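Since every read-out is calculated from the coordinates, none of them should be taken as a lab result. No experiment lies behind these values; they were computed from the predicted model shown. As a convention, Cβ positions derive from the backbone with ideal geometry for all residues, glycine included, and neighbour counts pool all protein chains shown.
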Amino acid sequence: VQLQASGGGLVQAGDSLRLSCAASGRAFNMYVMGWFRQAPGKEREFVAAISWNGGNTYYADSVKGRSTISRDNAKSTVYLQMNSLKSEDTAVYYCAARIGSPNDVRPGLQYNYWGQGTLVTVSS
């Protein structure tokens with residue numbers, strides 16, 4: 001499967017942004033989808049994940065309450081709505097996919113496929 005992330009940009013602190021990740025290939029509804037981010041000089045970190053049918057969602061503490069992950073299996077797309085953005089949200093955001101449900105959705109190593117990333121810059 002190929003993943004194409006989009007929706008990043010330059011915003012001000014407090015603004016909202018919705019990232020999208022479109023998947024090509026078959027069986028999108030079999031994939032657990034995740035969002036990760038990597039800030040300059042930092043390691044990649046987990047942001048959010050969603051189960052194959054959207055029934056379960058998972059969030060990093062740093063974005064919980066400010067972000068919502070969702071998916072549209074008919075469109076083979078996963079979204080990340082981010083509100084009340086902070087300067088510390090500045091990073092390249094990557095979407096990732098994994099067939100089947102891992103015991104822990106947070107480690108990046110659990111995912112088989114990765115998108116190219118989209119840059120989010122939050123100015124304070």
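Using the Cα centre of the chain as origin and beta-carbon charges of +1 (Lys, Arg) and -1 (Asp, Glu), tell me which of 93, 78, 121 is placed farthest towards the positive end of the dipole.
Toward the positive end, the furthest listed residue is 78.
Starting at the first residue of the range 40-47, write each ³J(HN,Hα) from the Karplus equation 6.51 cos²θ - 1.76 cosθ + 1.60 with θ = phi - 60°, in whole Hz, x for Gly and Pro.
x, x, 10, 7, 5, 9, 5, 10
How would you order 61-70, 89-98 from highest to lowest mean count of nearby Cβ atoms within 10 Å?
Details: 61-70: 15.4, 89-98: 22.4.
The peptides rank, most packed first, as 89-98, 61-70.
Only four residue types carry charge here, +1 at the Cβ of Lys and Arg and -1 at the Cβ of Asp and Glu. Report the dipole size of the chain about the Cα centre in Debye, rounded to the nearest 20.
Numbers: 12 positive and 8 negative charges, 45 e Å.
Its charge dipole is roughly 220 debye.
Show which aspartates and glutamates lie in cross-link reach of residue 64 when reach means a straight Cα distance below 18 angstrom and same-chain residues fewer than eight apart are skipped.
15, 45, 88, 89, 104
At q = 0.20 Å⁻¹, work out log10 I(q)/I(0) for the chain with the Debye formula, treating every Cα as an identical point scatterer and leaving solvent out; two decimals please.
The Cα Debye sum returns log10 ratios of -1.07.
Using the Karplus equation 6.51 cos²θ - 1.76 cosθ + 1.60 (θ = phi - 60°), what ³J(HN,Hα) coupling, rounded to whole Hz, does each residue of the range 53-70 give in order, writing x for Gly and Pro?
3J(HN,Hα) across the range 53-70, in whole Hz: 10, x, x, 10, 10, 9, 9, 6, 4, 5, 10, 4, x, 10, 10, 9, 9, 8.
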